[in-house]
Amino acid sequence: MSEPSGILIKGGQVVNDDCSVISDVYMENGKIVEVGLDLRIPGGARVIDATDKLVMPGGIDTHTHMELEFMGTRAVDDFYIGTKAALAGGTTMILDFVIPEKGKSLLEAYDCWRSKADPKVCCDYSLHVAVTWWSDQVKKEMQTLAEEKGVNSFKMFMAYKDVFMLKDSELYAAFSHCKEAGAIAQVHAENGDLIAEGAKKMLSLGITGPEGHELCRPEEVEAEATQRAITIAHAVNCPLYVVHVMSKSAAKVVSNARRDGRVVFGEPIAAALGTDGTHCWHKDWAHAAGFVMGPPLRPDPSTPGYLMDLLNKIQFTQTGLTGTDNCTFSVCQKALGKDNFTKIPNGVNGVEDRMSVIWEKGVHSGKMDENRFVAVTSSNAAKIFNFYPQKGRIARNSDADVVIWDPKMTRRISAKTHHQAVDYNIFEGMECHGVPVVTISRGKVVYEEGRLTVPAGHGRFIHRKPFSEYVYKRIRQRDQVGKPTAVERKPYEVKAAASTLRS
Ligand code: URP
Ligand code: ZN
Ligand code: ZN
């Protein structure tokens with residue numbers, strides 16, 4: 001039997017980032033048609049009872065790497081399995097990264113990602129594009145991507161020396177061009193030169209296991225690069241987005257910059273909010289290797305709480321958001337680095353469990369309310385990346401991407417029950433209060449009673465326009481008022497010395 005096109009969610013508490021209200025929600029043809037009480041709806045619509053449940057915008061994961069080819073292997077969650085798992089966790093949109101090799105065309109890489117993702121995605125998605133080298137061609141292609149291809153964010157790496165890393169003058173050029181194109185400059189902020197030296201040092205000391213990964217890139221290596229990126233972005237008055245903020249030190253740098261009025265955003269990820277880097281010291285090699293990612297999860301166990309507190313701080317009200325950096329490698333792939341930590345493929349899971357982890361550590365713990373939860377799991381991402389209120393809001397005309405959340409239900413995270421392809425889970429055993437009971441994507445029920453019913457290719461690519469208002473208003477104004485001007489002087493008439501040096 002084919003599903004009726006209209007769906008009425010009845011009696012739930014509709015939660016947006018600014019208010020919660022008991023209301024019904026009616027949707028048709030992929031869009032929310034009406035929000036209110038006593039709605040008149042056409043016969044034949046399916047009615048879902050949401051009494052005692054929350055009706056929230058589906059989650060938006062700002063940072064994934066489905067089927068990424070990286071460090072000699074390919075991430076096991078592809079666009080099909082990864083987006084299905086996202087839906088099971090209440091996430092209805094992901095933003096993945098196109099990462100071209102150095103010297104290769106950005107446009108060709110973008111086309112390649114589209115051709116892999118389009119037929120497979122089960123939820124909507126969009127693409128950031130990485131700038132891994134610099135040239136006039138790259139500059140032109142960035143412009144085309146922003147004007148014609150729906151890309152308004154570009155990631156630059158300050159780490160992965162000789163692979164993806166850019167030097168400071170290239171960062172300056174790339175940030176300048178992001179600004180011209182109306183895009184957001186994103187950075188992977190770690191000092192790649194120091195990491196390369198640190199890695200040699202650890203190996204020479206006989207430290208070959210996963211703990212060496214953090215030891216060769218302590219917090220200050222991340223904090224220094226974060227500060228440097230902020231300084232360069234400020235020099236060109238370009239908005240900056242620091243992806244995967246993993247340490248208290250780097251978070252403080254971002255927080256101070258925001259306090260000083262810089263247009264900078266920081267992205268904590270589920271892994272850093274829900275677990276920590278002490279696992280990399282675990283006696284079981286496979287367990288330890290499972291937590292290796294870059295920048296590393298920090299061994300300071302107060303880090304997750306600190307990052308969660310920051311998400312709720314006033315200077316992050318309009319901007320606090322969360323991703324996952326979901327980039328999964330199975331244990332046997334991690335074993336590529338069994339004798340040398342520098343060869344362990346970097347990456348962890350998160351796309352399925354982000355919403356639950358943030359509810360548990362943020363809302364259930366009493367640090368944030370359900371409105372803030374919506375802000376940091378969907379609305380702020382949609383605002384910054386310029387597709388709000390198409391997504392990130394339950395309102396008339398918004399996309400019908402909805403999660404019905406039972407705040408009283410609990411579940412325990414485990415690799416035995418998760419939907420991802422990876423064979424372990426960094427949140428193994430975590431009990432989570434708050435469970436997604438129904439997920440609706442593009443107006444269709446795709447997850448219900450623990451069952452996924454979604455075909456490959458159900459999701460669509462979301463075009464994002466440049467010059468996001470939430471980001472560019474202050475940038476434009478600063479360009480107007482902050483232009484340096486020369487001091488007006490009379491010409492200097494006294495004789496100037498002739499240079500005595502030979503040129
Ligand atoms: O360990 C990570 N983060 N893997 C994915 C690549 C990246 O830098 O985001
Ligand atoms: Zn990165
Ligand atoms: Zn990443």
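Tabulated results
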quantity	calculated
Within segment 342-428, trypsin sites (Lys or Arg not before Pro) in DSSP loop having at most 12 other beta-carbon neighbours inside 10 Å	416
Paramagnetic reach from residue 19 in segment 375-400 [backbone N under 18 Å; point 7 Å along Cα→Cβ]	375, 379, 389, 392-398
Tilt relative to the chain, helix 248-259 - C-alpha long axis, 0 to 90 degrees, to 10	80 degrees
Cut-off under 5 Å, modelled amide H: who pairs with residue 153 long-range	129, 184
Mean separation of Cα contacts under 8 Å, 6 or more apart, over the residue count of the chain: relative contact order %	21 percent
Residues residue 140 and residue 485, FRET efficiency given R0 of 41 Å [Cβ-Cβ distance, rounded to 0.05]	0.80
Intensity falloff of the chain expressed as log10 I(q)/I(0), Debye formula with alpha-carbon point scatterers, at q = 0.08, 0.10 Å⁻¹	-0.48, -0.73
Using alpha-carbon coordinates, inclination of helix 136-148 to the longest axis of the chain, degrees	30 degrees
Under 21 Å from the Cα of residue 161 - lysines, other chains or at least 8 residues apart	102, 104, 200, 201, 334, 343
Cα-based shape type of segment 428-503, given that a ≥ b ≥ c are square roots of the gyration tensor eigenvalues and the cut on a/c is 1.5	prolate
Full-stretch length increase - residue 204, residue 330 - with 0.36 nm per residue and alpha-carbon distance subtracted	42.6 nm
On Cα atoms only, tilt of 168-181 relative to the major axis of the chain in degrees	50 degrees
Length released on extending from residue 256 to residue 312, taking residue separation times 0.36 nm less the Cα-Cα span	18.6 nm
Ranked by how many other beta carbons lie within 10 Å on average, peptides 5-18, 237-250 from highest	237-250, 5-18
Theoretical ellipticity at 222 nm over the chain - DSSP helices of four or more residues, -39500 (n - 2.57) apiece, nearest 500	-8500 deg cm²/dmol
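Values quoted throughout were computed directly from the atomic coordinates according to the rules given, and no laboratory measurement underlies them. Quick caveat, the model's predicted, so the values are computed rather than measured. All Cβ positions, even for glycine, are placed from backbone atoms using ideal geometry, and neighbour counts span all protein chains on display.
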